[in-house]
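Each remark here refers to the structure printed beneath this line.
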Amino acid sequence: MNPADSVSTESFYKAKGRYGGIFSWILSTDHKRIGLMYLTAILTFFFIGVALGVLMRINLISPGRFISERAYNSLFTIHGVIQIFLFIIPGIPASFGNFFLPILIGAKDVAFPRINLMSWWLYVTGGILIILSIFIGGGAPDTGWTFYAPYSIRTTANISLALFGVILLGFSSIFTGLNFITTIHRLRAPGMKMFRMPLFCWSLYATAWTQVLATPVLAITLMLLILERFFAIGFFEPNLGGDPIMFEHMFWIYSHPAVYIMILPAMGIVTEIFPVFAKRTIFGYKAIAFSSLGIAFFGYLVWGHHMFTSGMSDTSRIIFSLITFLVAVPTGVKVFNWIATLYKGSIQLDSPLIFSLTFIFLFSIAGLTGLMIGTLSLNLYLHGTYFIVGHFHYTMFGGAGFGFFAGLHYWFPKMFGRMYHEKTAKVSWFIMFVGFNVLYFSMFILGMQGMPRRYFQYLPRFHTNHVISTVGSWILAVGLILMFGNFIRALFKGEKAPMNPWGGKTLEWQIPSPPPEGNFETIPVIDRGPYNYD
Amino acid sequence: MSEPKEIAVRHRVDYTGAKMGMWIFLFTEVLFFGGLFLLYSVFRSKYTLAFHDSAKELDIFLGTANTVILLTSSMMMALSILFVRKGEKASSILCQGITIFLGLVFLCNKYIEWSAHIRHGIYPDSPLLLQMSRGKIIFFSLYYVMTGLHGLHVLIGVCVISGTLLFTARGKIYRDDFVKLENTGLYWHFVDIVWIYLFPLFYLIT
């Protein structure tokens, strides 16, 4: 394994393709270009989502003064739809996964490059349709991102277009998953056994199966909702003999596994980062690999815990609650292995590691509050309050979001061939960390006090915490702007990145930054595990 | 763009990869229809009698005919792959042609069935259906959605097989490279199997 000879090759940015200009990107089947196109689109939608979130918080310091009731309903709906379907779900697999999966397993591209490009087009079309649904038709969707029936059937807002957009995103997600599974099985370099793959690949593998096996259920459910709105087929409409609870079941049969589509790749990223910044082999390689599969498996069987108050027999509630607790086991296995990896390591406290440690901290709070609301007795009290909102944002933003930022800091030099300013990265981390906890921890307290989620107006006793939370959102926004300002500055003015700035042992660090078009001049032959520090 | 071309060449020979992709796609299709079968089972246990009565209104003769037609078309599809493997291009084209023809006949029958129901005033949200029992409303909604979605799959299949037929005629699908045809065959058999479940669930439960 000595790919260092291939330094002379030109970066993929300069490769001459069949098309010129913008077409060399939007018609490219190169996994690296597609990964970067995803990254651009995903971050654009992320910032739209953030802006909507900040607007919601602004309403909540003085309800009705800036924003109408109807607009508020649309804000939390579109905020949720964008951040979940357009940012968190495709966030890591479609951008970093596309860019790095083939490189990490020593391949030149994914198994189906053209299907990969089609996925991106489906993603962008879906995203544009969702944004369009805000402006045309009967008004922006106002159902909440869960589209619960029967309100979603009866509202005059423009639900159908948004639903169609989400269905397209679903297909994009399915095709990405299909591509990754086949890539991992078929295109590993010689000697790259399954258990020699970097663990990010294992997490993508588990994610891909979840994408493939859960997303179709969402597609059919939302398609039925569209038919319901146009033809009154009645499956989810009680007046016609249907059952709205069936919608909840079918929605969560997808949407709970989707939570693991969001978090598993982030876990994969921090698993890559810990060995590199502790200069130690990962502790418990197989345990981490299997825990990814374990989380994906148990993730299928717990959807009912979203519906403890919707009407369900005690037996099924107890079973769902029990399996929910079981998910904590593989998750705990991961956390202990990460910490054991750091033990006695020579720690290099750079921004990727700081973000990864933050991931563990915030995700632990998220996981432990998750156990609380997985408990039946507490759930009945906390269901539908801000406690859920707080828990959800700790998992998704504190977990998946900070994992995404960790990956961005870790792989930025490789993707763009430039170094960002390390000190600014640390300052932006600090501001975001403070802002995040102020914003979302106050939601836990609000929830305990009984503040219901999605309410436009509230009792005066909740006012103080709402103001604190809103101030947190501003701090967080400042941190985000600083972090991305740092990246944008680095794109133009950053120092040239060396081939291996962090001393990583995985394959992406053995090729130039940015990588050449075919990734490897000669396909590497692998004879050892991925984190070979000892 | 020499690199991607090389990749394409390498992939064309990766039969296992192409078939693996197709099988995974078929898993997603199973789950896609699975959502509807789930709804069917819930509503059938809720409205057992209404389902039983409503099924009598479906034309069992046309349903049986369609089952025979689809099964035969599946056999033709399998034969066309067999002929390509043997290098008998003309026979393979003929078999694919018959498959397309049978697919179209299936759709015609479906059209006849649906238009008869619609003429009788039975379709989702029709004034007549809204006066009937809730179980009946749900039965016919399920009938239209499930056979409709299946019909859509048949239509897509017919289009794809037309494509493979062209490829076979032009020599792009031949003895050493027929994975496209094989994957199309897998898809067609899947469509067939879905019908094998739909037929008893709607026509034979009286």
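The values are calculated or read from the model by the stated rules, or taken from the named source; none is laboratory data. Nothing here was measured: the structure is a model prediction, and the numbers come from that model. When we count neighbours, we look across all protein chains shown, and the Cβ atoms used for this are built from the backbone with ideal geometry, even at glycine.
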For the range B:12-32, which residues satisfy the criterion of being over 30 Å from A:M246 (Cβ atoms), facing chain A (nearest Cβ under 7 Å) and out of contact with any Lys or Arg (no Cβ under 8 Å at 6 or more places or on another chain)?
B:G21
Cβ pairs under 7 Å, 6+ apart, first in the range A:9-27 and acidic (D, E), second in a strand (DSSP E or B)
A:E10/A:P516
Which one of A:L101, A:L75, A:L60 is touching a residue at least 12 places away in the same chain (Cβ under 8 Å), of a type outside the set (D, E) and closer than 19 Å to A:P514 by Cβ?
A:L101
Checking A:P265, A:P257 in turn, the sole residue that is assigned to a helix (DSSP H, G or I), under 16 Å from the mean Cα position of the chain (by Cα) and within 14 Å of chain B (Cβ to nearest Cβ) turns out to be A:P257
Given the criterion more than 15 Å from A:W502 (Cβ to Cβ), part of a helix (DSSP H, G or I), of a type outside the set (A, V, I, L, M, F, W, C) and at pLDDT 95 or above, identify the matching residue among A:S356, A:S364.
A:S364
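Look through A:T207, A:T221, A:T176, A:T156 and report the one residue that is of a type in the set (V, I, T) and within 23 Å of A:K286 (Cβ to Cβ). Break it down into steps so the answer makes sense when it comes.
On the way: A:T221 fails: within 23 Å of A:K286 (Cβ to Cβ); A:T176 fails: within 23 Å of A:K286 (Cβ to Cβ); A:T156 fails: within 23 Å of A:K286 (Cβ to Cβ).
When all the criteria are applied, what remains is A:T207.
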Determine if the range A:11-28 includes at least one residue that is crowded, with 21+ Cβ neighbours inside 10 Å, modelled with pLDDT of 90 or more, assigned to a loop (DSSP other than H, G, I, E, B) and within 14 Å of chain B (Cβ to nearest Cβ).
yes
Give the residues of the range A:331-353 that are among the β-branched types (V, I, T), within 17 Å of A:V276 (Cβ to Cβ) and assigned to a helix (DSSP H, G or I), sorted by residue number.
A:I339, A:T341
In contact (Cβ under 8 Å) with a residue 24 or more places away in the chain and among the hydroxyl-bearing types (S, T, Y): does that describe A:T155?
no
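Could you tell me whether A:A189 is assigned to a helix (DSSP H, G or I), of a type outside the set (S, T, N, Q) and within 26 Å of A:L117 (Cα to Cα)?
Values: assigned to a helix (DSSP H, G or I): no; of a type outside the set (S, T, N, Q): yes; within 26 Å of A:L117 (Cα to Cα): yes.
No, not satisfied.
Restricting to the range B:160-179, give me the number of residues that are on the phi > 0 side of the Ramachandran plot and either crowded, with 20+ Cβ neighbours inside 10 Å or part of a helix (DSSP H, G or I) (or both).
Here is the first cut: in the range B:160-179, the ones on the phi > 0 side of the Ramachandran plot are B:171.
Checking the rest, the ones that are also either crowded, with 20+ Cβ neighbours inside 10 Å or part of a helix (DSSP H, G or I) (or both) come to none.
So the answer is 0.
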Got at least one residue in the range A:422-444 being more than 27 Å from the chain's Cα centre (by Cα), in a helix (DSSP H, G or I) and touching a residue at least 12 places away in the same chain (Cβ under 8 Å)?
no
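Could we say that A:L380 is more than 16 Å from A:I88 (Cβ to Cβ), crowded, with 23+ Cβ neighbours inside 10 Å, in contact with a Ser or Thr (Cβ under 7 Å, 6 or more places away or on another chain) and not charged (D, E, K, R) here? Spell out the reasoning first.
Details: more than 16 Å from A:I88 (Cβ to Cβ): yes; crowded, with 23+ Cβ neighbours inside 10 Å: no; in contact with a Ser or Thr (Cβ under 7 Å, 6 or more places away or on another chain): yes; not charged (D, E, K, R): yes.
So A:L380 does not fit the description; no.
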Mind listing whichever residues of the range B:120-159 are more than 9 Å from chain A (Cβ to nearest Cβ), assigned to a loop (DSSP other than H, G, I, E, B) and touching a residue at least 12 places away in the same chain (Cβ under 8 Å)?
B:I122
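Answer yes or no as to whether B:G35 is within 14 Å of chain A (Cβ to nearest Cβ), touching a Leu at 6+ places or on another chain (Cβ under 9 Å), at pLDDT below 95 and part of a helix (DSSP H, G or I).
Values: within 14 Å of chain A (Cβ to nearest Cβ): yes; touching a Leu at 6+ places or on another chain (Cβ under 9 Å): yes; at pLDDT below 95: no; part of a helix (DSSP H, G or I): yes.
Criteria not met by B:G35.
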Filter result for A:R196 (more than 24 Å from A:W303 (Cβ to Cβ), among the charged types (D, E, K, R) and free of Cβ contacts under 8 Å to residues at least 12 places away in the same chain):
no
Residue count for the range A:323-355, restricted to those that are more than 22 Å from the chain's Cα centre (by Cα) and basic (K, R):
1
Considering each residue of the range A:177-193, count those that are over 21 Å from the mean Cα position of the chain (by Cα) and at the interface with chain B (Cβ under 8 Å from one of its Cβ atoms), and give that number.
4
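Going by what's in this entry, would A:A214 be described as more than 9 Å from chain B (Cβ to nearest Cβ), of a type in the set (G, A, S) and either within 19 Å of A:I295 (Cβ to Cβ) or part of a loop (DSSP other than H, G, I, E, B) (or both)?
Details: more than 9 Å from chain B (Cβ to nearest Cβ): no; of a type in the set (G, A, S): yes; either within 19 Å of A:I295 (Cβ to Cβ) or part of a loop (DSSP other than H, G, I, E, B) (or both): yes.
No; evaluated as a whole, the condition is false for this residue.
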